[in-house]
């Protein structure tokens, strides 16, 4: 089995660092404080159900992001697709 950066992540609470791709374009209903680091977007795992979900440190997520995922990889793929449509890239994942 090949070792990947994802396989080294063990934390059930990871922070997705977001970055605006083109500052001239709109980003939709995403809290602007997410880009400055004042309101981080967390990817968390519910230990009882084993499902992953997204959560802002402060505030309410947009409806399309209020889902549960069976793996971190599935959450990351969905999030990446969602954000790309809104001119946002996932720059880093902090474990």
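The values are calculated or read from the model by the stated rules, or taken from the named source; none is laboratory data. Small disclaimer: the values here were computed from a predicted structure and weren't measured. Cβ coordinates were reconstructed from backbone atoms using ideal geometry, including for glycine residues, and neighbour counts include every protein chain displayed.
Within the option set 47, 31, being at pLDDT below 95, surrounded by 14 or more Cβ atoms within 10 Å (Cβ to Cβ) and assigned to a loop (DSSP other than H, G, I, E, B) holds for one residue only, 31.
Confirm whether residue 38 is surrounded by 14 or more Cβ atoms within 10 Å (Cβ to Cβ) and over 14 Å from the mean Cα position of the chain (by Cα). It is false that residue 38 is surrounded by 14 or more Cβ atoms within 10 Å (Cβ to Cβ) and over 14 Å from the mean Cα position of the chain (by Cα). Taking segment 80-93 as the range and being farther than 14 Å from residue 27 by Cβ, in contact (Cβ under 8 Å) with a residue 12 or more places away in the chain and surrounded by 13 or more Cβ atoms within 10 Å (Cβ to Cβ) as the test, only 93 passes.
When residue 32 is tested against (1) without any contact (Cβ under 8 Å) to a residue 40 or more places away in the chain; (2) touching a strand residue (DSSP E or B) at 6+ places or on another chain (Cβ under 6 Å), just one condition goes unmet, and that condition is (2).
Just give me the residues in segment 17-28 being surrounded by 12 or more Cβ atoms within 10 Å (Cβ to Cβ) and part of a loop (DSSP other than H, G, I, E, B), in sequence order. Even if it seems obvious, please write down each step before you answer.
First, the residues of segment 17-28 that are surrounded by 12 or more Cβ atoms within 10 Å (Cβ to Cβ): 17-21, 27-28.
Matches in segment 17-28: 21, 27, 28.
With respect to residue 67, is the statement that it is loosely packed, with under 11 Cβ neighbours inside 10 Å and in a loop (DSSP other than H, G, I, E, B) true? For residue 67, the condition - loosely packed, with under 11 Cβ neighbours inside 10 Å and in a loop (DSSP other than H, G, I, E, B) - is not met.
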